[in-house]
Amino acid sequence: MGSWQVGTDTLARSRFVLSPFAETFASLRLLCAGAGAHPDEEAWLRAHLPGYRARLAADPVTARLVPAALGTSWIADFFCPTSCVGEGFEETVARVRAAGAGEARADLRVSLRGRLPSVLERDDLPERASALLTYVWEETVRPYWERRRRVLEADVVARTARVSQGGWAAVLDSLRPGMTRWLGESRFQVNLNAYPPREIAAGAELLFMPVTPETSWVSWEGRERYAVVYPCLGVLADNHRRRPVPAGLGALMGTARAGVLALLGTPMSTTQLVAVTGQGLGSVGRHLRVLLDAGLVERQRAGRSVLYVRTAAGEVLMEVSAPGTGDRDAGRRDDRTGHRRRPLSDLARTMESGTWSVTEGRRDP
């Protein structure tokens, strides 16, 4: 396994950052794989894979360069520099373009673990690499960047909250389950490859970068900056597993508001809800206000973040409005909450009258 020796001070100063370049490189890896991990990735591939393949077909040198640079267990260093905090895509890709020809060929020999194919024994490899990365950014990532950025920001909020709740060990274990984990004694497992451990010097920068495609890698620049790129917990990864909104509940309170309630089976911030639902901040805020006033959700503070989650009343409402339940289940106790179910028709009347409350599990102000 590959592991890093991380001092307490370095870990305490580490940061979650967004990197347009990392998102672009992750998208390039997805294009190379040609298959997505879930329906959202498959839809994106259907839109962009034909154009990507046509571009490579017209440029045989770059077509050979990409798999060589990605390697099997080591990415060519010049092809994937470690983004700095606040660095835009153009600034990072400029470092790819500025790599020396000899440096690029040497990095490719490392990623290939052997000799370089004759077609890649040339001096324009950095320019070809930067041109391809720019194409991927402009054509396949930038049109979606604002939405993806909201998803990534939501992930950062969730991870930061988890630091305050369970400490750094819980966060590191969750970045890539089964691959990253805190080993104790200042050791952080970063992947399953059999590489010698690296000691991160005091004062070095440790960055965590979420990306929306289901991929991950680690990188570093000298001994001063290290990065762990990991797949986020956002809509592109979890949308197809989201709990559907019961039709009856949507008719009762509106589909958008019911969708927010359905998402809050686990704590989420306003930023996360905006990213996942695609609704505006004002709309999400109004839905939360109504749900709070109705006693269906409650606030939880995690460090500087405010998270929302369903109350017992919200759980009851979700249960009685689920397909296959309703008035015939009224009076039966819910196995998870212990509360007696109420007919959906009764819940509708009490909500419309503005007197909604469930005395079991909620204390009215």
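Using C-alpha pairs under 8 Å with a sequence gap of at least 6, the mean separation divided by the residue count of the range 50-127 gives a relative contact order of 36 percent.
Considering only alpha-carbon pairs that sit under 8 angstrom and 6 or more positions apart, the relative contact order computed for the range 135-247 is 21 percent. Here's how it looks for SER269: its modeled amide H is under 5 Å from those of TYR308, which are all 5 or more places away or on a different chain.
In percent, rounded to a whole number, the relative contact order of the range 1-142 is 30, using alpha-carbon pairs under 8 Å and six or more apart. Largest first, the three principal axis extents of the alpha carbons in the range 120-226 are 45, 36, 27 Å in whole numbers. Could you tell me which trypsin sites (Lys or Arg not before Pro) in the range 81-114 are loop residues by DSSP with no more than 11 other beta carbons within 10 angstrom of their beta carbon? Those that pass, being in a loop and sparsely packed, are ARG113.
For the range 221-233, backbone phi angles converted through the Karplus equation (6.51, -1.76, 1.60; θ = phi - 60°) give residue-by-residue couplings of 10, x, 10, 9, 8, 10, 9, 10, 9, 9, x, 7, 9 Hz, Gly and Pro being listed as x. The Rg/Rh ratio of the range 3-81, with both radii computed over alpha carbons and Rh defined as the Kirkwood radius, is 1.09. Here the range 28-159 is treated as a Stokes sphere of Kirkwood radius computed over C-alpha pairs; at 10 °C and 1.306 mPa s its diffusion coefficient rounds to 99 µm²/s.
Taken one residue at a time, the phi angles of the range 3-18 give Karplus couplings (6.51, -1.76, 1.60, θ = phi - 60°) of 9, 10, 8, 10, x, 4, 5, 4, 5, 5, 8, 5, 9, 8, 9, 9 Hz. Gly and Pro are set to x.
FRET efficiency for the pair GLU146 and SER73, taken as 1/(1 + (r/R0)^6) with r the Cβ-Cβ distance and R0 = 35 Å, rounds to 0.55. Debye-formula intensities of the range 99-174, expressed as log10 I(q)/I(0) at q = 0.24, 0.25 Å⁻¹, are -0.98, -1.03 (one equal scatterer per alpha-carbon, no solvent).
Laboratory data are not the source of any read-out in this text; all were calculated from the coordinates shown. Fair warning: this is a prediction, and the values are worked out from it, not measured in the lab. Positions of Cβ are generated from backbone atoms using ideal geometry, with glycine treated the same way; all protein chains shown enter the neighbour counts.
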